[in-house]
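I have placed the structure first, in the form of structure tokens, so that the comments after it can refer back to it.
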Amino acid sequence: MTFHHDPGKTMIQLQHVTKFFGRADNSVRALDNVSLDVAPGEIFGVVGQSGAGKSTLIRTINMLERPDSGSIVVADRDLTALPVGQLREARRSIGMIFQHFNLLSSRTVRGNVELGLEIAGVGSKERSKRSSEILDLVGLGDKSGSYPSQLSGGQKQRVGIARALASKPSVLLSDEATSALDPETTRSILQLVKTINAELGLTVLLITHEMEVVKSICNSATLLENGRVVETGKLVDLISTTGSRLARDLFPLGPVEPRSGGTVIDITFSGGTADRPVISQLSRTHGLDVSILGAVIETIDGNQAGRTRLELPGSPGENDAAIADLRSQNLLVEVVT
Ligand SMILES: Nc1ncnc2c1ncn2[C@@H]1O[C@H](COP(=O)(O)OP(=O)(O)O)[C@@H](O)[C@H]1O
Ligand SMILES: [Mg+2]
């Protein structure tokens, strides 16, 4: 009998990517041995503070920055090994959008969308057909003759998205694409990204410093710090990982107010555990007066998930049985104090 094993396809794969800026005696290691796997069709978030290396990471994925070491494979092509001509061709399978849109002000909306196709030598009839389709898709069918200065920020980003899609890429890279937009416009652009992801099967890698963005559209995320990957994984797995910083940032409960004598615990709920009457059961079974100090519940990647912070009377030692009981119900319990 033969056993067919799926090796687990990836759309974007970085292996041991390191990137320095500057000279040896005064250099910055912007990326430090970064390895990442983004599966086809995923929306993958990269988060981290300013200077963490996020933009450098995204710029190496389309080889705007060449890594000093390591490999970058996109859609089965090792970009680090390609000669210039083939690299240019491979880049057409990677679209990119930017915080400040980077549109040409002298060109109409249609002119911006068609620019890359013109450069690639696509005929005018085909270009026009393609740009009309894409502008309809992004909701700008009636703006093709407008100039960027006549558009709102959200409309400009829609043009940016249309331009990125013109060459029918398999990957969309987004560097803080919603950071210059107000919350409502941000939501509509994220919704559009989600629609494109679903309808075109496009793999999306997005950089953001906002956890809200990750929470609303990502399936997976990576936390970068000083050019290193600190955590990475599917959101549904991260939220049930003890000590995950991404999970903490997804469900911020704030600092713990120190109180005397009690035990503060955080319980993380996900999937099937989200709708169980945990607190009433805890107080009934163990005779505890449970205080709720905080709670957040969200839908993450289509699953109900959340975190509740409780205070139990007595020291952690006195609550061993109650905590063990919660853990035996497959709940993630972290003792905070
Ligand atoms: N072209 C460059 N020349 C020199 N240093 C750079 C360059 N680009 C980025 N850096 C440095 O690399 C580090 C990571 O920067 P960046 O990738 O822009 O971070 P982020 O996008 O997370 O804010 C920072 O220390 C930054 O100053
Ligand atoms: Mg940046």
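The values are calculated or read from the model by the stated rules, or taken from the named source; none is laboratory data. It should be emphasised that the depicted structure is a prediction, and the values quoted were computed from it without experimental measurement. For neighbour counting, all protein chains shown are included, and Cβ atoms are generated from backbone atoms with ideal geometry for every residue, glycine included.
All of (1) within 12 Å of ligand 1 (Cβ to nearest atom); (2) part of a strand (DSSP E or B) hold for HIS16 with one exception: (1). Here ALA52 fulfils each of the conditions (1) farther than 19 Å from ILE94 by Cα; (2) more than 8 Å from ligand 1 (Cβ to nearest atom); (3) modelled with pLDDT of 95 or more apart from (2).
Run down LEU165, LEU135, LEU172, LEU151 and say which single residue is in contact (Cβ under 8 Å) with a residue 40 or more places away in the chain and in contact with a Ser or Thr (Cβ under 8 Å, 6 or more places away or on another chain).
Within the list LEU165, LEU135, LEU172, LEU151, the selection yields LEU172.
Across segment 67-78, not a single residue is classified as of a type in the set (Lys, Arg), in a helix (DSSP H, G or I) and either in contact with a helix residue (DSSP H, G or I) (Cβ under 6 Å, 6 or more places away or on another chain) or surrounded by fewer than 17 Cβ atoms within 10 Å (Cβ to Cβ) (or both). Here ASP32 clears all of (1) over 19 Å from the mean Cα position of the chain (by Cα); (2) away from ligand 1 (no atom under 11 Å from the Cβ); (3) surrounded by fewer than 20 Cβ atoms within 10 Å (Cβ to Cβ) except the condition numbered (2). Taking PHE101, is it within 16 Å of ligand 2 (Cβ to nearest atom) and on the phi > 0 side of the Ramachandran plot? It is true that PHE101 is within 16 Å of ligand 2 (Cβ to nearest atom) and on the phi > 0 side of the Ramachandran plot. Just one of (1) surrounded by fewer than 16 Cβ atoms within 10 Å (Cβ to Cβ); (2) assigned to a loop (DSSP other than H, G, I, E, B); (3) charged (D, E, K, R) fails for LYS143. It is (1). Taking the criterion of being out of contact with any Cys (no Cβ under 8 Å at 6 or more places or on another chain), part of a strand (DSSP E or B) and more than 13 Å from ligand 2 (Cβ to nearest atom), the residues of segment 19-66 that qualify are LYS19, PHE20, PHE21, VAL28, ARG29, ASP32, ASN33, VAL34, SER35, LEU36, ASP37, VAL38.
Give segment 308-337 a look and list any residue that's part of a strand (DSSP E or B) and touching a residue at least 60 places away in the same chain (Cβ under 8 Å), or say none. It would help to see each step written out before you state the result.
Taking segment 308-337 and keeping what is part of a strand (DSSP E or B), we get 308-312, 332-335.
Listed by number, the residues that qualify are LEU332, VAL333, GLU334, VAL335.
Residues that are loosely packed, with under 15 Cβ neighbours inside 10 Å, at pLDDT 90 or above and charged (D, E, K, R) do occur in segment 238-247.
The strands (runs of 3 or more DSSP E) located wholly in segment 156-234 that include 3 or more residues which are modelled with pLDDT of 95 or more and more than 16 Å from ligand 2 (Cβ to nearest atom) occupy 228-234.
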